[in-house]
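Written out below as structure tokens is the structure these notes cover.
The values are calculated or read from the model by the stated rules, or taken from the named source; none is laboratory data. All values derive from a computational prediction rather than experimental measurement. Cβ coordinates were reconstructed from backbone atoms using ideal geometry, including for glycine residues, and neighbour counts include every protein chain displayed.
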């Protein structure tokens, strides 16, 4: 896999840093986040690997993984991290970026009526829309 | 009949837990020559010792056997106890029933039997113990420091500041060593030259330091307090008293050869000063490349010298001097990379070693501190550093860690980013080792503030592609192969011992390890001493280390040398070899095996049937002998005995155990 300066300095990495408030460079890959994660067994790439791929600018590896959707945002990783990196925040930032991508949203405006009728709480709909706003 | 006293120590439960003390005492009472047997919980305590002292007087004991811990632990203690009670200290014998018995056995019955056997052996030996008197040897109050890098400079300054005369011998034309080649130092980024050159000047101007540059130690004889050393002052071909260091000769010399100081990155002249801050600031003619010495023509330097200092007739000078102690600070080399073809060193000008990088980024270096690709003189954008080139590599390199590479590579990453903010540094590592004050913080700063990208894994191949270098590596953290188009590749070559380290060690009678680093007397408790008394070590000649450690070790070695020099005389250990001249056949096999060069031959005039016959004999220099006993094993007629470990004594022990 080629590693280049452009890839390391991609704007999406900066977005992730801004949205999550976390600096992935701080991580030294001890793996404690993965060791602490209660759902890591179901993930295709492990939490510390998510951070590693981001350090190297390998975004596809992260965005195509099921890991970011399996993350339950329990924040155990954040509580255990010796480098004070909040991996849960990073996971959320990745989800937000995917959700905000035009054309790939799972919730479309015209479907809102339908999901209401299926019993989705209003709070859920509002939250979903919040993620559209850029 | 001897009057032997046996004292059995419990050592708390250390001995008493495994050995039946009462049974041991009962058995000892019946041993031949034993007139008194005692026991106590801690024989080494003041109460235990006073019990021994009182008993010696009361029972008029003439030999002591202390059954306790290893003699390494408390032999000296109990010898002092005996001396305090008026008994010759060498009449004390230790039976080691702790390390050799209670600590290594579990079954009490068997351990008790063994303890009794050990004591029986000690009693049998003690009966043969003789009174020995430690002699005195004078100490020459001058030190020799070999190698004038930062270690030698520091050691020489410390010894000289204590008021002793120091001769500092350096092989190259200038003092300064490796540290003079460096740009900045981790983790403070102090300019290396700025902190080193004042010390170099201090050495040159110190009233107690004699500097011998372009000189080599050729022969070392003698022993602690009295080393006889021959120093070869190589012909500099310059009259040092006349030369003003103006440098005209350097400009006019027509011959150019690779500059050793600049790692061959630029040329120097055949007449040269290694670097501008050199001490002494006097050129030297490299006779192997000088046209005058090769062809008998030229003599340009002689013509242009305004001080008439050039002297082609100068010859090597041999100095013979006496020293009390020697500090060895000969430094290190870097591993030759011929074995590592995958990194392409030597095949492409942009693949360089860390030491070459150090010269390139150095303001006083060949490019004036401008880091350029040697292929096209452009500033590199993407720079790949590779750790552990030859280090931690038992197959083709060295199995040890070179210790400083992690830190200096982090330093290089920081220096690069500061100088060229648009550059990108990639570092391949196996582990990042940052044991040291402020080291981890420094490394993290390189990552977090200076954007160095670390890959956990090593490069498998570097090869040119167009005007770039394609680097193929792996990041084992993400299990992804990594490819980088680099402008420059920097290899952290392993530190290794000097090529001639083993020869130097042989000359001095000290040891080297399997990698030819000099061996310290004890890795923890005697880290700057060698097995040869009076010879001390400092710096990377003893093993890879950084500047702060080197300076600390140099100070420690100096302190040891000062302790030695501050004594007018030394007490010699009397447990040395002695030759029975009546039995010695003069075969001199002992000379061959003596590792301390303590045995020499002598001739003895002897009257045989009215005629004078000369007999060849071995004689032992008691000051040089370290009491190893090799000669006693080599001596076929059994003429050499080690005092306190004579053949009689050893056989008595064996008999006592076996019979």
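List of remarks:
- Comparison of A:72, A:88 shows that the only residue that is more than 29 Å from residue A:5 (Cα to Cα) and away from every other protein chain (no Cβ under 13 Å) is A:72.
- Of note, residue A:115 does not satisfy the criterion of being closer than 30 Å to residue B:445 by Cα and touching a helix residue (DSSP H, G or I) at 6+ places or on another chain (Cβ under 8 Å).
- Residue in segment B:505-515 that is at pLDDT below 95, within 30 Å of residue A:24 (Cβ to Cβ) and away from chain A (no Cβ under 14 Å) present: no
- Neighbours by Cβ (under 6 Å, 6+ apart or cross-chain): first from segment B:477-488, touching a residue at least 12 places away in the same chain (Cβ under 8 Å) and facing chain A (nearest Cβ under 7 Å); second surrounded by fewer than 22 Cβ atoms within 10 Å (Cβ to Cβ) and in a loop (DSSP other than H, G, I, E, B): B:477/A:29
- Some residue of segment B:461-468 being within 14 Å of another protein chain (Cβ to nearest Cβ), more than 30 Å from residue B:218 (Cα to Cα) and in contact (Cβ under 8 Å) with a residue 12 or more places away in the chain: yes
- The set of residues in segment B:224-254 that are surrounded by fewer than 19 Cβ atoms within 10 Å (Cβ to Cβ) and under 30 Å from residue B:353 (Cα atoms) comprises B:250, B:251, B:254.
- Residue count for segment B:460-485, restricted to those that are in a loop (DSSP other than H, G, I, E, B), touching a strand residue (DSSP E or B) at 6+ places or on another chain (Cβ under 9 Å) and more than 19 Å from residue A:53 (Cα to Cα): 2
- Restricting attention to segment B:489-504 and to residues that are farther than 30 Å from residue B:425 by Cβ and assigned to a loop (DSSP other than H, G, I, E, B), the residue that is nearest to the other protein chains (Cβ to nearest Cβ) turns out to be B:498.
- Selection within segment B:563-586 - crowded, with 19+ Cβ neighbours inside 10 Å and within 22 Å of residue B:142 (Cα to Cα): B:564, B:565, B:570, B:572
For every residue, the table says whether it meets (1) in contact (Cβ under 8 Å) with a residue 12 or more places away in the chain; (2) assigned by TED's automatic domain parsing to the domain that holds residue B:632; (3) under 30 Å from residue B:189 (Cα atoms).
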| position | (1), (2), (3) |
| --- | --- |
| B:531 | yes, no, no |
| B:555 | yes, no, yes |
| B:590 | yes, yes, no |
| B:601 | yes, yes, no |
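- Filter result for the condition that a residue is outside the structural domain of residue A:128 (by TED's automatic domain parsing) and more than 23 Å from residue B:452 (Cα to Cα), over A:17, A:93: A:93
- Of all residues in segment A:1-27, those that are part of a helix (DSSP H, G or I), exposed (fewer than 14 other Cβ atoms within 10 Å of the Cβ) and within 14 Å of chain B (Cβ to nearest Cβ) total 2.
- Lone unmet requirement of (1) surrounded by 14 or more Cβ atoms within 10 Å (Cβ to Cβ); (2) farther than 28 Å from residue B:528 by Cα for residue B:601: (1)
- Candidates in segment B:275-299 are the residues that are crowded, with 20+ Cβ neighbours inside 10 Å and closer than 13 Å to residue B:310 by Cβ; of these, the one that is farthest from the chain's Cα centre (by Cα) is B:292.
- In the set B:551, B:512, B:528, B:593, only one residue is surrounded by fewer than 16 Cβ atoms within 10 Å (Cβ to Cβ) and touching a helix residue (DSSP H, G or I) at 6+ places or on another chain (Cβ under 7 Å); that residue is B:593.
- Hey, residue B:349 surrounded by fewer than 23 Cβ atoms within 10 Å (Cβ to Cβ) and in contact with a helix residue (DSSP H, G or I) (Cβ under 8 Å, 6 or more places away or on another chain) or not: no
- Qualifying positions in segment A:50-80 - outside any loop (DSSP other than H, G, I, E, B), out of contact with any helix residue (DSSP H, G or I) (no Cβ under 7 Å at 6 or more places or on another chain), over 15 Å from residue A:95 (Cα atoms) and at pLDDT below 95: A:79
- Tally, over segment A:28-54, of residues that are over 14 Å from the mean Cα position of the chain (by Cα) and within 12 Å of chain B (Cβ to nearest Cβ): 5
A quick yes/no check of all residues on (1) more than 25 Å from residue B:656 (Cα to Cα); (2) touching a helix residue (DSSP H, G or I) at 6+ places or on another chain (Cβ under 7 Å); (3) surrounded by fewer than 24 Cβ atoms within 10 Å (Cβ to Cβ); (4) at pLDDT below 95:
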{"position": "B:4", "(1), (2), (3), (4)": "no, yes, no, no"}
{"position": "B:25", "(1), (2), (3), (4)": "no, no, yes, no"}
{"position": "B:28", "(1), (2), (3), (4)": "no, yes, no, no"}
{"position": "B:35", "(1), (2), (3), (4)": "no, yes, yes, no"}
{"position": "B:41", "(1), (2), (3), (4)": "yes, no, yes, no"}
{"position": "B:45", "(1), (2), (3), (4)": "yes, no, yes, no"}
{"position": "B:65", "(1), (2), (3), (4)": "no, yes, no, no"}
{"position": "B:68", "(1), (2), (3), (4)": "no, yes, no, no"}
{"position": "B:79", "(1), (2), (3), (4)": "no, yes, yes, no"}
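- Residue satisfying condition, being modelled with pLDDT of 95 or more and on the phi > 0 side of the Ramachandran plot, within set B:403, B:417: B:403
- Subset of segment B:372-386 (residues that are under 19 Å from residue B:450 (Cα atoms), touching a strand residue (DSSP E or B) at 6+ places or on another chain (Cβ under 9 Å) and either surrounded by fewer than 19 Cβ atoms within 10 Å (Cβ to Cβ) or modelled with pLDDT under 95 (or both)): B:381
- All strands (runs of 3 or more DSSP E) inside segment B:149-258 with 1 or more residues being over 30 Å from residue B:600 (Cα atoms): B:165-169, B:209-212, B:256-258
- For segment B:409-459, filtering for residues that are within 12 Å of another protein chain (Cβ to nearest Cβ), surrounded by 20 or more Cβ atoms within 10 Å (Cβ to Cβ) and assigned to a helix (DSSP H, G or I) leaves 3.
- Hey, residue A:73 within 30 Å of residue B:468 (Cβ to Cβ) and not assigned by TED's automatic domain parsing to the domain that holds residue A:128 or not: no
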